[in-house]
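Just below is one structure, and these are the notes that go with it.
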Amino acid sequence: MTKSALQIARAAYQPKVPAALKGIVKAVEGEYTQSVADQEDIKELFPNTYGMPIITFEKSNEKKSLPAINVGVILSGGQAPGGHNVIAGLFDGIKAIHPDSRLYGFILGPGGLIEHKYMELTAGIIDAYRNTGGFDMIGSGRTKLETRAQFDKGLEILKTLNIQALVIIGGDDSNTNACVLAEYYKSIDAGVQVIGCPKTIDGDLKNEQVETSFGFDTACKVYSEVIGNIERDCNSAQKYWHFIKLMGRSASHIALECALQTQPNICIISEEVEAANLSLDDIVTNIATIVAQRAEAGNNFGTVLIPEGLIEFVPAMKRLIAELNDYLAKHDAEFKMIRKSEQRTYIISKLTKENSELYASLPEGVARQLTLDRDPHGNVQVSLIETEKLLSEMVAKKLSGWKKEGKYNGKFSALHHFFGYEGRCAAPSNYDADYCYSLGYTASCLVASGRTGYMSSVRNTTAPADKWIAGGIPVTMMMNMEKRHGEMKPVIQKALVKLDGAPFKTFAAQRNEWALTTSYVYPGPIQYFGPTEVCDEPTKTLQLEQQI
Ligand code: FBP
């Protein structure tokens, strides 16, 4: 396989790790834990894995000889830069436990476990993927591991391969399912531990112990580089408004981080839209007002960042989507029988008055996108909804109305972009390369200390890597009960943008200035070699969150 010069140089990069992971480690138990909410329900659902203590790994002088161990690994859900380094860290960790330990990768996500598709990950394979982006070493998938039949089928292959622990690298839903699996295997004494790892570019799997999910750092840096380039182009020609949608199914962390890095004229934060109970028209009026103000100063150009999940945070849209989700979950087969041309009328006739009216008012394309198949976790596939076009069309309409009324006299020409897939498989930044390797290595320590139902955690990551703190967090600690597919389920609480948090407050304090002036910042490409302040800088979000 031909490799680029950067790939070759990057293969030799040695990830930085917490000092505690450099030799023999011991597991130190901290406080016993409770779930973030709905404690009684979660405790009842997870009798074997509820309330366990937080674990921290510390240096030890005590030499222990442990037997070889076989471990399985699964990449679950959307790609995120650094996944290969989690596997490399896990591999090196289990080899440090015993050189005869073996690592098996299940192919194309959780489906590989159920379908018994796997490969042994040998040193040669691992070495070829160190510090690379993508999940292509074993592939990923979105099959939801949730039924006993699936768990039992998985156990067959785990037993055949004599696998004693399974590491599931995924987002909030996949880690929730990892915990359900850990609970089940423990309840039947299956002899298989299950450990999770926090992955998602969306950045919404975080809490006090899990500072960030891996991939967020790299993805935001890739998007910010391109947004900066667009801003510079925009300021050079001064003739376009760029509407840029950014990935992040639900939370607006990516949009907010990119705004902090690039200082665009407008950035919408879904969580604020919801809290302020804004309608689609309010959002459009706000954007059009800034366009008109800039036009008055002769600036008929600008950049607007739009979080992918926006549509679900507009309260009226949220109510509509919730009813659609419930309705489609119950009447999926019936809906699929309806001819495409009649689906819109069918849906309008089935919804309550308010939702039916809103649905009827939506442009055809957006209405159709809202009824497309949900992903296996019941989520609307927001990446398919062209919010950037919806908003710019509505802004254009409003401006032409204002023009007729003599309130606006500028030019409005819009271009559209969607950045998502472009950043999910990028070569991990130093931060993600180091963080991921450490997460994988920590997972091996959790396995060695006999834990199950834990998520690998590495904290204090705004400090130099030497001072990072490695440990494990009981997954039940992050759970609460939420409605999914019309039923209450235990799930890891999603971390949305906090409106009283430092990242949002920093943005909010400057956005009016950014709107009217042209204060763009051009972050440039990720740097892999060079001074540490250029190569190892964590995201602005993390820096601001950790300052408090
Ligand atoms: P995960 O939560 O599984 O990490 O996926 C995140 C994400 O990249 C979202 O930002 C996006 O909405 C979604 O995946 C796209 O899904 P798909 O990869 O199936 O197109």
Take every Cα pair under 8 Å in the chain that's 6+ residues apart, average their separations, divide by the length, and report that relative contact order as a whole percent. 24
Output for the stretch 393-425: GluC sites (Glu not before Pro) sitting in coil per DSSP, at most 13 other Cβ within 10 Å, listed by number, reads E405
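Compute the Rg/Rh shape ratio of the stretch 257-407: radius of gyration over Kirkwood radius, all on alpha-carbon atoms.
Details: Rg = 17.3 Å, Rh = 17.0 Å.
Reported Rg/Rh, Kirkwood definition of Rh: 1.02.
For the stretch 391-488, what % of the accessible area comes from carbon and sulfur atoms, probe 1.4 Å?
The computed percentage sits at 52.
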Leaving out ligands, DNA and RNA, and with a 1.4 Å probe, what % of the accessible surface on the stretch 311-385 is carbon or sulfur? 54
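For the stretch 361-419, how big is the tail of P(r) above 16 Å, as a whole percent of Cα pairs? Walk me through the numbers on the way to the answer.
On the way: 980 of 1711 pairs.
I get 57 percent for the Cα pairs in the stretch 361-419 exceeding 16 Å.
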Estimated dipole of the stretch 311-385 in Debye, rounded to 20 [Cβ of Lys and Arg +1, of Asp and Glu -1, Cα centre]: 140
Take the alpha carbon atoms of the stretch 62-124, find their center, do the same for the stretch 254-277, and report the distance between the two centers in whole angstrom. 38
What percent of all Cα-Cα pairs in the stretch 414-523 falls into each 10 Å bin, going from 0 up to the bin containing the maximum distance? 10, 21, 34, 24, 9, 1
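Run lengths n ≥ 4 of DSSP H only: what is the helix-derived mean residue ellipticity at 222 nm for the chain, with -39500 (n - 2.57) per run over all residues, to the nearest 500?
Numbers: 21 runs with 243 residues, N = 548.
Mean residue ellipticity at 222 nm (helix-derived): -13500 deg cm²/dmol.
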Averaging the inverse of every distinct alpha carbon separation and then flipping it gives the Kirkwood radius. What is it for the stretch 7-131, in angstrom units? 17.4
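Highest first, please rank the peptides 217-225, 31-39 by the mean number of other Cβ atoms sitting within 10 Å of their residues. Before the final figure, lay out the partial values.
Values: 217-225: 28.1, 31-39: 15.0.
So the order, starting with the most tightly packed, is 217-225, 31-39.
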Between the stretch 156-215 and the stretch 1-27, what is the C-alpha centre distance in whole Å? 23
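Report the calculated FRET efficiency for E342 and L384 (r = Cβ-Cβ distance, R0 = 22 Å), to the nearest 0.05.
0.55
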At q = 0.12, 0.22, 0.23 Å⁻¹, base-10 log of I(q)/I(0) for the stretch 311-385 (Debye sum, equal scatterers on each alpha carbon): -0.28, -1.05, -1.16
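Explain nothing, just the number: dipole magnitude of the stretch 53-161 about its Cα centre with +1 on each Lys and Arg Cβ and -1 on each Asp and Glu Cβ, in debye rounded to the nearest 20. Don't jump to the answer; show the numbers that get you there.
Values: 12 positive and 11 negative charges, 27 e Å.
That gives the stretch 53-161 a dipole magnitude of about 120 debye.
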Solvent-accessible area per residue for the stretch 484-537 at a 1.4 Å probe radius, Å²? 57
Using the eigenvalues of the Cα gyration tensor, what equivalent ellipsoid semi-axes result for the stretch 143-294 when each is taken as the square root of five times the eigenvalue, whole Å, largest first? 44, 17, 12
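Considering only lysines 8 or more places apart in sequence, or on different chains, count the pairs in the stretch 311-385 whose C-alpha atoms sit under 22 Å apart. Walk me through the numbers before you get to the answer.
On the way: K318/K330; K318/K350; K318/K353; K330/K340; K330/K350; K330/K353; K336/K350; K340/K350.
Going through the stretch 311-385 pair by pair, I get 8.
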Between the modelled labels at E115 and E364 (7 Å from Cα along Cα→Cβ) the distance in nm is 3.7
Within the stretch 272-312: backbone nitrogen closer than 17 Å to the K403 label point (7 Å, Cα to C-beta): 288-302
Taking 0.36 nm per residue of separation and subtracting the Cα-Cα distance, what length does fully extending A333 through Q238 add? 29.1 nm
The stretch 311-385 - percent relative contact order, Cα under 8 Å, separation 6 or more: 28
Need the C-alpha centroid separation for the stretch 507-548 versus the stretch 379-452, integer Å. 16
Cα extents of the stretch 208-275 per principal axis, largest first, Å, are 46, 28, 17
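Using a probe radius of 1.4 Å on heavy atoms only, what accessible surface per residue do you get for the stretch 311-385? Whole Å² is fine. Mind showing how you got there, number by number?
On the way: 3830 Å² over 75 residues.
Per-residue value: 51 Å².
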Compute the angle between helix 83-97 and the longest alpha-carbon principal axis of the chain, please, reported from 0 to 90 degrees and rounded to the nearest 10. 10
Debye intensity ratio in log₁₀ form over the Cα atoms of the stretch 57-173, taken at each q of 0.14 Å⁻¹: -0.59
Among the lysines, which fall within straight-line cross-link reach of K16, defined as a Cα-Cα distance under 17 Å, with same-chain neighbours fewer than 8 residues apart omitted? K59, K467
Cα-based helix-to-principal-axis angle, 148-160 vs the chain, degrees rounded to 10: 40
Spin-label pair L161/I24, simplified geometry with 7 Å Cα→Cβ offset, distance in nm: 3.1
Taking the 0 to 90 degree range and rounding to the nearest ten, how far is the long axis of helix 315-337 tilted relative to the main principal axis of the chain, both from C-alpha atoms? 70
With only Lys, Arg, Asp and Glu charged, each at its Cβ (+1 for the first two, -1 for the last two), find how big the charge dipole of the chain is about the Cα centre; round to the nearest 20 debye. 840
For the chain, what Kirkwood radius comes out of the mean inverse Cα-Cα distance, in Å? 24.5
Where in the stretch 255-298 is the amide nitrogen less than 16 Å from a point lying 7 Å along the Cα-to-Cβ axis of E354? 274-281
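Quick one: net charge around G196, please, counting Lys, Arg +1 and Asp, Glu -1 for every other residue with C-beta under 14 Å from its C-beta.
Numbers: positive: K199, K206, R451; negative: D172, D173, E183.
Here the count lands on 0.
The values are calculated or read from the model by the stated rules, or taken from the named source; none is laboratory data. These numbers come from a predicted model, not from an experiment. Cβ atoms come from the backbone with ideal geometry, glycine included; neighbour counts cover every protein chain shown. Ligands, DNA and RNA are excluded from the accessible area calculation, which covers all protein heavy atoms including side chains. Shrake-Rupley method; radii C 1.70, N 1.55, O 1.52, S 1.80 Å.
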